[in-house]
Amino acid sequence: MIIDTHCHLDDARYKDDIDEVITRAKAEGINRFIIPGADPQTLERAVELSELYDEVYFAVGVHPYDAQNYDKSFLEKFVSHPKCVAIGECGLDYFRLPESEEKIKEEKALQKRIFIEQIMWAKELKLPLIVHVRDSSEDSFSILNEYAGEEGGVLHCYNANEVLLKLSSKNFYYGIGGVLTFKNAKKLINVYPKIPKERLVLETDAPYLTPHPYRGKRNEPSYIAYIVGKMENLSSVEENVIARETTENAKRLFFKIT
Ligand SMILES: [Zn+2]
């Protein structure tokens, strides 16, 4: 059994063949999927999928690029659903910032405020966080270090530097995805061996970040095999052991199964 802890199955790119996508993934041993909340507009689709498929769970939250659309009273309707397992993906993304100094300041302040709100909410609900970190390791670290609750969470989009590894002592996990298979993934390849193995989880971020050799095409959970293959190469831990350990980790974090 493998868990894809981060796949946007509510994305419109799957609307015509979601059944095939899930069937192909199950044939590869993936039998649990978590849809992170990113765009509030597709949340209803995520809920619908979680009701159609036993294997599908979801999270509620707003991506940093959508921070201005954060509306807690709308999102609140979804968190008590039995298949809601986390808050997120929330976080900080400084990859695409506006031009002027002043606008940059505003944008960062907005992202931070909405990130902290979602962290506090997760703490109140006793749910783990799904955290998006891009070009923002230092700020993300200091906010999580100060505010995150004991439920911890997973750090996704891990192009991050080592400062984030310190969060493993605060119950944070590290999502490994297709980036690991990229030729230019030096940063992640260097950090990867330093992540404690009891803190690794698998994620595809489908339909984004498609692993080599399908890079450029639509990603889907069945491609997780390429990520696990690369992890085996880098660590000489066998694929089936990686699958077992990452699944145990994801169960502990999202499903409180130890
Ligand atoms: Zn994502």
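The values are calculated or read from the model by the stated rules, or taken from the named source; none is laboratory data. Source: prediction; values computed, not measured. A quick note on method: Cβ atoms are made from the backbone with ideal geometry, for glycine too, and the neighbour counts reach across all protein chains shown. The accessibility values were calculated without ligands, DNA or RNA, using every heavy atom of the protein model including side chains. Shrake-Rupley method; radii C 1.70, N 1.55, O 1.52, S 1.80 Å.
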Query - Cβ-placed point charges (K, R +1; D, E -1), dipole of region 84-154 about Cα centre in debye, nearest 20 - result: 140 debye
Requested in this report: Determine ³J(HN,Hα), in whole Hz, for all residues of region 28-35 in sequence, where each value follows from phi through the Karplus function 6.51 cos²θ - 1.76 cosθ + 1.60 and θ = phi - 60°; x replaces Gly and Pro.
Outcome: 8, x, 8, 10, 8, 9, 10, 8
Query raised in the report: Between Asn184 and Glu162, how many nm apart are label points set 7 Å from Cα along the C-beta direction?
Result: 2.4 nm
Report task. Specify, per residue and in Å³, the volume enclosed by the convex hull of the alpha carbon atoms belonging to the chain. Result -> 123 Å³
Query - Among Leu75, Phe255, Tyr226 the positive-end extreme of the charge dipole of the chain (Cβ point charges) - result: Tyr226
Query raised in the report: For region 154-258, what Kirkwood radius comes out of the mean inverse Cα-Cα distance, in Å?
Result: 13.8 Å
Query - Förster radius 41 Å - calculated FRET efficiency between Asp17 and Glu138, Cβ distance, rounded to 0.05 - result: 0.50
Report summary line: Spelling it out for Gly88: with amide H atoms placed in the peptide plane at 1.01 Å from N, the residues 5 or more places away or on another chain with amide H under 5 Å from its amide H are Gly37, Val60, Gly61, Val62, Ile130
Query raised in the report: Using a 1.4 Å probe, what is the accessible area per residue for the chain, in Å²?
Result: 46 Å²
Query raised in the report: What net charge is computed for the residues neighbouring Ile224, neighbours being all others with C-beta under 10 Å from the C-beta of Ile224, Lys and Arg scored +1, Asp and Glu -1?
Result: -4
Query raised in the report: Which percent of the accessible area of region 120-258 is formed by carbon and sulfur heavy atoms (probe 1.4 angstrom)?
Result: 49 percent
Requested in this report: Over the chain, calculate the relative contact order: mean separation of alpha carbon pairs under 8 Å at least 6 apart, over the residue count, as a percent.
Outcome: 19 percent
Query - log10 of Debye I(q)/I(0), alpha-carbon scatterers only, for region 1-149 at 0.13, 0.14 Å⁻¹ - result: -0.60, -0.69
Report summary line: Mean-square fluctuation maximum in Gaussian network of the chain, Cα pairs under 10 Å, restricted to Pro128, Pro82, Pro64, hits Pro82
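Pick out, in residue order, every one of the trypsin sites (Lys or Arg not before Pro) in region 82-117 that is DSSP loop and has at most 11 other C-beta atoms within 10 Å; say none if there are none. Working shown, then result.
Working: sites: Lys83, Arg96, Lys103, Lys105, Lys108, Lys112, Arg113; in loops: Lys83, Arg96.
When the trypsin sites (Lys or Arg not before Pro) of region 82-117 are filtered for loop state and at most 11 Cβ neighbours within 10 Å, Arg96 remain.
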Query raised in the report: So what's region 5-60 giving for Rg/Rh, alpha carbon basis, Kirkwood Rh from the mean inverse pair distance?
Result: 0.93
Query - With DNA, RNA and ligands ignored, accessible area of Asp16 (1.4 Å probe; Å², nearest 10) - result: 130 Å²
Report task. For region 188-227, compute Rh as the Kirkwood radius over C-alpha pairs and then the Stokes-Einstein diffusion coefficient at 20 °C and 1.002 mPa s; write the answer in µm²/s, rounded to an integer. Result -> 192 µm²/s
